[in-house]
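Written below as structure tokens is the structure these notes are about.
The values are calculated or read from the model by the stated rules, or taken from the named source; none is laboratory data. Only a predicted model underlies this, so the values are computations on that prediction, with no experimental measurement involved. Methodologically, a virtual Cβ is constructed for each residue, glycine included, from the backbone with ideal geometry; neighbour enumeration extends over all protein chains shown. Note: accessible area is taken over every heavy atom of the protein model, side chains too, but ligands, DNA and RNA are not part of it. Shrake-Rupley method; radii C 1.70, N 1.55, O 1.52, S 1.80 Å.
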Amino acid sequence: MTADIATQAQQETVTFTVNGKTMQGRRGDSLLKVLLHEGYDIPHLCYHEAVTAYGSCRLCLVEVKKGRKTKVTTSCNYPLMDGIEVTTNSEKIRKHRKVVFELLLAQVPNSPELQSMAAQYGVTDTRFEKKYQDCILCGLCERVCREVVGVNALGFMGRGVEKDVGAPFKQPSKTCIGCGACVYVCPVNCIKEEQLPTKRTIVRWERNLPMQTCKRCGYPFAPTYQLLQMQKQTGLPWEFFELCPDCRDVKD
Ligand code: SF4
Ligand code: SF4
Ligand code: FES
């Protein structure tokens, strides 16, 4: 390691404490990412390490003491810095977390995923008026589609109680490639995918896509539109996309 690189690494390393235990980490990393990696039990719904933190579900609360000030804050979008003292499970945190769970349960009372997570933290009901929505507006679908898939088929629209997530103008999506990444990542499982031999439907975005069948084995392995987009991005010949991944690996 050259002297310059060693100095840079030192500058990037920060020392902090979690529940009194001294630790080291990389400056600017998501505090939640570090805490989860270290095995701390922090509930979270809108965080995924593959995408930018958004801080919307408010579940990942911790107390952070910086200098003389202590505050309760979401940890997913809190950047790791030198000298902070983090508390993960104080009475104050448990109280705040309970209210957040109750608010989420009021928004989406019928989600088994949310009910089960809330119950793990001792919350089984809500004192707030139930809205009977199915989406918690965590934005994970939108971020995954934009940042990971690179398609940008979804966005937020409206404000307040009208706020929603979906394709532009709440119309059936014209750009979704049917990859299913948003289906996979949705924490309350409200984006359904239906798969037939001839078509794949992403139900929430009303996107129906015909399937491409493998030229060799006949298996309907991916939406044709998705393969066309991949061909455009990679510049590979179309023949490459006519075979499913298994058959591509088989030498003639
Ligand atoms: S299925 Fe469609 S909306 Fe969902 S991540 Fe893939 S391209 Fe985006
Ligand atoms: S549809 Fe699912 S992933 Fe998208 S904002 Fe709603 S809860 Fe989050
Ligand atoms: S995980 Fe941090 S606010 Fe949702």
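Here are a few things to note about the model shown:
- The criterion of being open to solvent by 20 Å² or more (accessible area, probe 1.4 Å) and hydrophobic (A, V, I, L, M, F, W, C) does not hold for Phe101.
- Test: residue in region 119-139 that is closer than 19 Å to Ser30 by Cβ, open to solvent by less than 70 Å² (accessible area, probe 1.4 Å) and in a helix (DSSP H, G or I): no
Every residue, every condition in (1) closer than 27 Å to Ile191 by Cβ; (2) open to solvent by 30 Å² or more (accessible area, probe 1.4 Å); (3) touching a Leu at 6+ places or on another chain (Cβ under 8 Å), yes or no:
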{"position": "Val203", "(1), (2), (3)": "yes, yes, no"}
{"position": "Asn208", "(1), (2), (3)": "yes, yes, no"}
{"position": "Cys214", "(1), (2), (3)": "yes, no, yes"}
{"position": "Tyr225", "(1), (2), (3)": "yes, yes, yes"}
{"position": "Gln231", "(1), (2), (3)": "yes, yes, no"}
{"position": "Thr234", "(1), (2), (3)": "yes, yes, no"}
{"position": "Phe241", "(1), (2), (3)": "yes, no, yes"}
{"position": "Cys244", "(1), (2), (3)": "yes, no, no"}
{"position": "Asp249", "(1), (2), (3)": "no, yes, no"}
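- Residue in region 177-184 that is surrounded by 12 or more Cβ atoms within 10 Å (Cβ to Cβ), under 28 Å from Leu228 (Cα atoms) and more than 15 Å from ligand 2 (Cβ to nearest atom) present: yes
- Identity of the residue in region 166-176, assigned to a loop (DSSP other than H, G, I, E, B) and exposed (fewer than 15 other Cβ atoms within 10 Å of the Cβ), that ends up farthest from ligand 1 (Cβ to nearest atom): Gln171
- In the set Val148, Val161, Val144, only one residue is among the β-branched types (Val, Ile, Thr), part of a helix (DSSP H, G or I) and away from ligand 1 (no atom under 14 Å from the Cβ); that residue is Val161.
- Members of region 173-188 that are within 23 Å of Phe221 (Cα to Cα) and of a type outside the set (Ser, Thr, Tyr): Lys174, Cys176, Ile177, Gly178, Cys179, Gly180, Ala181, Cys182, Val183, Val185, Cys186
- Some residue of region 184-198 being within 21 Å of the chain's Cα centre (by Cα), modelled with pLDDT of 95 or more, of a type in the set (Lys, Arg) and more than 10 Å from ligand 1 (Cβ to nearest atom): yes
- With a requirement of 2 or more residues that are modelled with pLDDT of 95 or more, the helices (runs of 4 or more DSSP H) lying completely within region 1-118 that satisfy it span 31-37, 91-107.
- Scan of region 83-98 for residues that are basic (Lys, Arg) and open to solvent by 40 Å² or more (accessible area, probe 1.4 Å), ordered by number: Lys92, Arg94, Lys95, Lys98
- Region 119-143, subset within 14 Å of ligand 2 (Cβ to nearest atom) and basic (Lys, Arg), residue farthest from Gln107 (Cα to Cα): Arg143
- Being surrounded by 15 or more Cβ atoms within 10 Å (Cβ to Cβ), touching a residue at least 40 places away in the same chain (Cβ under 8 Å) and in contact with a strand residue (DSSP E or B) (Cβ under 6 Å, 6 or more places away or on another chain) is a condition met by no residue of region 155-165.
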